[in-house]
1. Do we find a residue being open to solvent by 10 Å² or more (accessible area, probe 1.4 Å), assigned to a helix (DSSP H, G or I), within 14 Å of chain A (Cβ to nearest Cβ) and of a type outside the set (Ser, Thr, Tyr) anywhere in segment B:177-188?
2. When segment A:22-45 is examined, which residues are found to be more than 9 Å from every other protein chain (Cβ to nearest Cβ), among the charged types (D, E, K, R) and in contact with a Leu (Cβ under 7 Å, 6 or more places away or on another chain)?
3. Restricting to segment A:12-57, name every residue that is in contact (Cβ under 8 Å) with a residue 12 or more places away in the chain, among the basic types (Lys, Arg) and open to solvent by 90 Å² or more (accessible area, probe 1.4 Å).
4. Sort through B:96, B:122, B:87, B:74 and tell me the only one that's open to solvent by 30 Å² or more (accessible area, probe 1.4 Å) and within 14 Å of chain A (Cβ to nearest Cβ).
5. Considering only residues that are open to solvent by 40 Å² or more (accessible area, probe 1.4 Å), in contact with a Ser or Thr (Cβ under 6 Å, 6 or more places away or on another chain) and within 14 Å of another protein chain (Cβ to nearest Cβ), which ones fall in segment B:125-157?
6. In segment B:193-215, what count of residues is obtained for those that are closer than 30 Å to residue B:237 by Cβ and open to solvent by less than 20 Å² (accessible area, probe 1.4 Å)?
7. Please verify whether residue B:202 is modelled with pLDDT of 95 or more, in contact with a strand residue (DSSP E or B) (Cβ under 7 Å, 6 or more places away or on another chain) and not aromatic (Phe, Trp, Tyr), treating the condition exactly as stated.
8. Please go through (1) among the acidic types (Asp, Glu); (2) more than 15 Å from residue B:129 (Cα to Cα); (3) touching a strand residue (DSSP E or B) at 6+ places or on another chain (Cβ under 7 Å) for residue B:31 and return the number of the only condition it doesn't satisfy.
Amino acid sequence: MRVTINGDLQEVPDTCATIRDLLAHLQLDQKIVVVEHNRRILQKEDHASSELKEGDQIELVHFVGGG
Amino acid sequence: MLKIGPYTFRSRLLLGTGKFPDFNIQKQAVDVSEAEILTFAVRRMNIYEPHQPNFLEMLDIRKYKLLPNTAGAKTAEEAVRIARLAKASGLCDMVKVEVIGDDKTLLPDPVETLKASEMLLKENFIVLAYTSDDVVLAKRLQQLGVHAVMPGASPIGSGQGIINPLNLSFIIEQATVPVIVDAGIGSPADAAKAMELGADGVLLNTAVSQAKDPVKMALAMKLAVEAGRLGFEAGRIPVRRYASASSPLEGMSKV
């Protein structure tokens with residue numbers, strides 16, 4: 001299925017049924033990452049229950065150096 | 001002790017984490033600074049390079065309070081979104097509200113800063129507001145209930161030091177919450193001066209990260225903040241126009 005991640009259209013396997021699956025697919029499951037799913041900011045415990053669908057908009061952010 | 005909201009800190013130096021030459025130097029600088037509050041920015045991940053190291057992974061983050069900023073926001077709504085993203089990490093509930101109103105000077109937008117602070121306080125964030133050195137604005141922020149006001153000494157990253165000590169002292173004198181001088185500090189003398197004026201803390205980044213030797217400068221800033229604070233508590237002497245002899249005038253031996 002196709003979803004938009006950080007502004008780019010991406011093809012991801014249909015086995016990515018949830019946000020948790022998507023993070024594992026992207027090898028980001030061990031990272032400190034915050035997910036915004038269709039403009040809804042997810043708490044970590046929501047990753048497994050948030051279903052991924054064709055056309056979804058995903059933002060993946062993290063902490064970087066800043067003042 | 002520095003008290004911000006429910007938290008207490010031994011260190012009065014808050015350190016930013018941007019623009020260090022590399023993570024090793026940054027880690028050493030953070031260590032010697034003894035800072036307990038570290039600022040970060042929130043940005044998109046590079047999903048094409050999932051194994052890229054992240055500075056947070058090098059830290060024992062239980063030892064620090066993370067202070068994410070809302071840098072990049074130009075409106076209150078953008079700032080609130082960034083703050084919510086940061087909090088959803090589960091790692092922090094403090095936020096440095098930073099809403100820039102002018103790209104060239106990076107000076108804060110006072111109206112949007114007030115709006116963002118109000119919205120975030122309603123969501124139970126611990127709000128530290130980056131603001132210009134305006135005493136009326138500081139008062140308005142205090143009335144909203146922010147947990148600290150953070151007036152700039154001079155434009156972000158400029159290293160110009162404290163341009164308007166009078167305005168800073170007005171803010172400090174009327175303060176009902178901690179005043180942390182944020183932005184523009186260039187040298188240890190600037191940091192000590194801010195503390196001598198009675199600031200509760202200093203937040204700096206570029207002055208350390210872009211110094212020739214960031215680790216040594218981190219130590220210098222730690223000492224400067226401590227010295228400035230001690231000097232403030234000790235109470236400096238008044239400035240006199242003419243000399244006042246330190247040695248007794250009586251009892252001179254004569255031939």
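1. No, segment B:177-188 contains no residue that is open to solvent by 10 Å² or more (accessible area, probe 1.4 Å), assigned to a helix (DSSP H, G or I), within 14 Å of chain A (Cβ to nearest Cβ) and of a type outside the set (Ser, Thr, Tyr).
2. The one that is more than 9 Å from every other protein chain (Cβ to nearest Cβ), among the charged types (D, E, K, R) and in contact with a Leu (Cβ under 7 Å, 6 or more places away or on another chain): A:29.
3. A:20, A:39, A:53
4. B:87
5. B:157
6. Within segment B:193-215, residues that are closer than 30 Å to residue B:237 by Cβ and open to solvent by less than 20 Å² (accessible area, probe 1.4 Å) number 9.
7. yes
8. Result: residue B:31 passes all but (3).
The values are calculated or read from the model by the stated rules, or taken from the named source; none is laboratory data. Just so it is clear, the structure is predicted and the values come from calculations on it, not from any experiment. Don't worry about glycine lacking a Cβ; one is built from the backbone with ideal geometry, like all the others, and counts go over all protein chains shown. Protein only, heavy atoms only, side chains kept; ligands, DNA and RNA dropped before computing areas. Shrake-Rupley method; radii C 1.70, N 1.55, O 1.52, S 1.80 Å.
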